[in-house]
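Input: a single structure, listed below in structure tokens.
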Amino acid sequence: MIPRELLATAVVPGDTAELRCYRHDGAFQLFLGRTELMSSRVHESERQLADLVLAAVADRVAPQILIGGLGMGFTLAQVLATVGPAARVRVVELVPEVVQWNRELFGHCAGHPLRDPRVEVQVADVFDAVCAARNSCAGILLDVDNGPEALVHPDNERLYGPRGLVAAREALVPGGVLGVWSSADSPEFGRRLEGVGLAVTTHHVRARGRKGPRRTIWTAQRR
């Protein structure tokens with residue numbers, strides 16, 4: 001059996017569990033406590049989050065895109081591969097070490113997207129960033145925690161609650177799209193999105209193309 005190598009640890013603000021970065025058999029993994037948050041081997045659904053949001057705003061020449069949660073950079077990389085040279089992409093990440101690990105440990109897995117000059121990185125709470133981004137974003141992509149009904153970090157609940165969803169709606173320009181990634185389906189969350197006046201579509205995708213666990217992505221457009 002190939003042993004798992006611990007590369008680095010971090011403290012998540014407001015959480016008692018330790019965030020750990022491992023390397024195992026050539027792949028990188030992030031764990032919070034005993035929960036695996038992500039792996040560099042399983043990222044197809046994160047790319048599809050970008051594709052689904054950007055398909056709805058493809059006619060924008062210079063869109064402003066906000067990504068909540070850097071993760072291992074796969075969503076960011078797909079956004080950059082899709083938008084044009086005039087786009088501006090802001091990535092908001094709560095844990096500064098995650099930004100550092102993307103730069104120093106596993107950024108090559110996604111093609112080092114943080115090196116792209118269109119990218120701005122903000123170390124902050126995604127909720128606060130969304131509340132401050134009024135009427136400015138063509139797309140908002142949220143891949144925070146394991147989704148609205150599978151929270152590992154309890155403070156993230158406010159991002160997926162009515163207040164956070166109203167703030168996301170108000171941060172979008174007319175016709176802009178909010179995309180939300182989740183490890184599990186939640187019809188109740190879909191209804192919550194509709195309840196704040198967004199036009200909602202639910203997408204079921206696979207973590208590894210046509211294989212692997214099923215993930216859910218909601219796209220919600222501001223009318």
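The values are calculated or read from the model by the stated rules, or taken from the named source; none is laboratory data. Small disclaimer: the values here were computed from a predicted structure and weren't measured. Positions of Cβ are generated from backbone atoms using ideal geometry, with glycine treated the same way; all protein chains shown enter the neighbour counts. Ligands, DNA and RNA are stripped out before the accessible areas are found, and what is left, the full protein with its side chains, is counted by its heavy atoms. Shrake-Rupley method; radii C 1.70, N 1.55, O 1.52, S 1.80 Å.
So that you can scan it fast, the table gives a plain yes or no per residue for (1) aromatic (Phe, Trp, Tyr); (2) in contact with a Cys (Cβ under 7 Å, 6 or more places away or on another chain); (3) under 24 Å from Pro174 (Cα atoms); (4) buried (at least 22 other Cβ atoms within 10 Å of the Cβ):
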{"residue": "Arg41", "(1), (2), (3), (4)": "no, no, no, no"}
{"residue": "Leu52", "(1), (2), (3), (4)": "no, no, yes, no"}
{"residue": "Asp59", "(1), (2), (3), (4)": "no, no, yes, no"}
{"residue": "Gly73", "(1), (2), (3), (4)": "no, no, no, yes"}
{"residue": "Val79", "(1), (2), (3), (4)": "no, no, yes, yes"}
{"residue": "Pro85", "(1), (2), (3), (4)": "no, no, yes, no"}
- Of the residues in the stretch 189-201, those that are assigned to a strand (DSSP E or B) and either within 20 Å of Thr75 (Cα to Cα) or open to solvent by 20 Å² or more (accessible area, probe 1.4 Å) (or both) come to Ala199, Val200, Thr201
- Note on the structure: Quick count over the stretch 165-188, residues being assigned to a helix (DSSP H, G or I) and at pLDDT below 95, is 2
- Message: For the structure I just gave you, tell me whether Arg115 is touching a helix residue (DSSP H, G or I) at 6+ places or on another chain (Cβ under 7 Å) and surrounded by fewer than 22 Cβ atoms within 10 Å (Cβ to Cβ).
- Response: no
- Query: How many of the residues making up the stretch 148-161 are touching a helix residue (DSSP H, G or I) at 6+ places or on another chain (Cβ under 7 Å) and either among the acidic types (Asp, Glu) or open to solvent by 20 Å² or more (accessible area, probe 1.4 Å) (or both)?
  - Reply: 3
- Item | Positions within the stretch 128-147 being open to solvent by less than 10 Å² (accessible area, probe 1.4 Å) and within 16 Å of the chain's Cα centre (by Cα), in sequence order | Ala129, Val130, Cys137, Ala138, Gly139, Ile140, Leu141, Leu142, Gly147
- Task: Looking only at the stretch 107-132, count how many residues are touching a residue at least 60 places away in the same chain (Cβ under 8 Å) and in contact with a Lys or Arg (Cβ under 8 Å, 6 or more places away or on another chain).
- Result: 1
- Output for Cβ contacts, cut-off 7 Å, separation at least six or different chains, first residue within 19 Å of Leu54 (Cα to Cα) in the stretch 171-197, second open to solvent by less than 10 Å² (accessible area, probe 1.4 Å) and in a helix (DSSP H, G or I), reads Ala171/Val130; Val177/Val53; Leu178/Ala168; Gly179/Leu49; Gly179/Val53; Trp181/Ser45; Trp181/Leu49; Leu193/Leu165
- Query: When the residues of the stretch 166-188 are filtered to those that are closer than 28 Å to Glu18 by Cα and not β-branched (Val, Ile, Thr), which remaining residue is surrounded by the most Cβ atoms within 10 Å (Cβ to Cβ)?
  - Reply: Trp181
- What number of residues within the stretch 9-23 are out of contact with any Ser or Thr (no Cβ under 6 Å at 6 or more places or on another chain), on the phi < 0 side of the Ramachandran plot and surrounded by fewer than 15 Cβ atoms within 10 Å (Cβ to Cβ)? 5
